[in-house]
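Throughout, read-outs are computed from the coordinates displayed, never taken from laboratory work. All values derive from a computational prediction rather than experimental measurement. Cβ placement follows ideal geometry from the backbone for every residue including glycine, while neighbour counts extend to all protein chains displayed.
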Amino acid sequence: MKPQNTSSENASSKLHSFLEKFEPFIKMPGGKLQVQTTDFFPVATSEIVKSLDGRGDLADTPKPSGHISVIDDLSKWIINASEEDKLAAQLNLPRPPAGLHHVPGKYPIFYDFLNLDIVLNELSLAGASMQGRFLDFGCSTGRNLAVMNRAFPGQFELFGVDPSGPSIEWLSENIEGVTAVQSEQTPPLGFPDDHFDTVIAKSIWTHFSPSAAKSWFEEVSRCLKPGGYFFFSTHGPHDVASRIIRDIPRPKYERYAGHPNWTRDEFLVAIAEGLVAEGFFFKAFKEVGHQGDLSGVENPTTSDWGLTFMLPKFVEGLLPNDLSIVRYDTARTGSRHDAYVVRKKS
Ligand SMILES: C[S@@+](CC[C@H](N)C(=O)[O-])C[C@H]1O[C@@H](n2cnc3c(N)ncnc32)[C@H](O)[C@@H]1O
């Protein structure tokens, strides 16, 4: 498939070569770029739907099934249900008010069943058990933890950390059963060694500079129990392909550090060249105001937070000796991010 909307032939041919070179990392069933992740088991949503089945006051409750359509069914049910029915189903959390951080999912509701289920599916396939101490690193206002809490009552001890004070405050006030702690932008976390069975970090290593990525890997490893599992997502070649072929996502290119007139083509070519030459590309966000993710963080530092792309070999080189990759797949969460599960040595 040819890249579209490129302004110069030179850039176009470079991007075309990128797509060819990284073909094994780009999911193209039938020659078309995969735009939606569908091959996973809806781990948490199935549990929630099972718990709703047979309740007379929830006439439109979807039927339990291992098929991912339960995610659409449940999300649509929440959109249309009365406040009373949502309360009875314990699915009544509103989206945080404007000004607080929240990553919107496919539906205009707080819960993002789709993304969490992909994460849990990857963890299950890697061998992680669905119990124990569970940390969402960079949890924002807690959309993942809210689903965890609702799907697996009493099964996990849930924790969330994020450097945004207002996000953590909202989470603590609105989601019961979660220990939410405001963290620093740099390690360490205030947890003891060998504490967690599972850690997840969705859309976090998509933003760290290589040095921050490395030091946070070391810190997560310190906090993981021996034999514990860690899921994280990165931007990889499939994500670049989506930007080349579909123009999605389309950031404001002029906002990247040192490049006031940064164009789309220059930006994409720089990522492609970075991945080929060094296995990574990182651009720090120029100013905090340009990156909504950090808007709630007090005195934020942006030199180690920006837009990051990494190849598996590069990721491997950043991992401490006691973490090894047990699963890797492309185009998973957000339908674009690469997913990794690493395990700490027993
Ligand atoms: C793209 S959002 C992802 C939020 C969440 N993981 C989700 O899937 O909804 C990035 C989050 O990372 C947080 N963050 C920024 N710097 C961080 C750091 N150094 N450590 C942990 N989280 C950080 C931001 O405050 C924000 O909540």
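For the reader, a short list of remarks on this structure follows.
- Distance (nanometres) between label positions extended 7 Å along Cα→Cβ at D322 and E273: 4.1
- Label-to-label distance, S172 versus N80, with points set 7 angstrom from Cα along the beta-carbon direction: 3.9 nm.
- With contributions of -39500 (n - 2.57) from each DSSP H run of at least four residues, the per-residue ellipticity at 222 nm computed over the chain stands at -10500 deg cm²/dmol.
- Label separation (R250 vs E23): 2.9 nm, computed from points 7 Å beyond Cα along the C-beta direction.
- Across all directions, the shadow cast by the convex hull of region 29-151 built on its C-alpha atoms averages 9.2 square nanometres.
- Basic side chains Lys and Arg get +1 at the Cβ, acidic Asp and Glu get -1 at the Cβ, and with that the dipole of the chain about its Cα centre reaches some 840 debye.
- Lys, Arg +1 and Asp, Glu -1 on Cβ, resulting dipole of region 63-218 about Cα centre, debye, nearest 20: 420
- Packing-based order for 66-76, 291-301, using average beta carbon neighbours within 10 Å, highest first: 66-76, 291-301
- With the highest mean first, a sort of the peptides 135-143, 315-323, 245-253 on other beta-carbon atoms found within 10 angstrom per residue produces 135-143, 315-323, 245-253.
- Cα convex hull, the chain: 134 Å³ per residue, rounded to a whole number.
- DSSP bridge pairs, the chain: antiparallel proportion in percent, nearest 5: 50
- Of K214/K286; K202/K225; K106/K202; K214/K344, pairs whose Cα-Cα distance is over 18 Å: K214/K286; K202/K225
- FRET efficiency for the pair S129 and E218, taken as 1/(1 + (r/R0)^6) with r the Cβ-Cβ distance and R0 = 25 Å, rounds to 0.55.
- Computed FRET value (nearest 0.05) for S13 with S303, which takes r as the C-beta separation and R₀ as 51 Å: 0.95
- Measuring between their Cα centroids, region 192-250 and region 276-313 lie 13 Å from each other.
- Principal axis dimensions, region 239-346 - Cα atoms, whole angstrom, descending: 48, 37, 26
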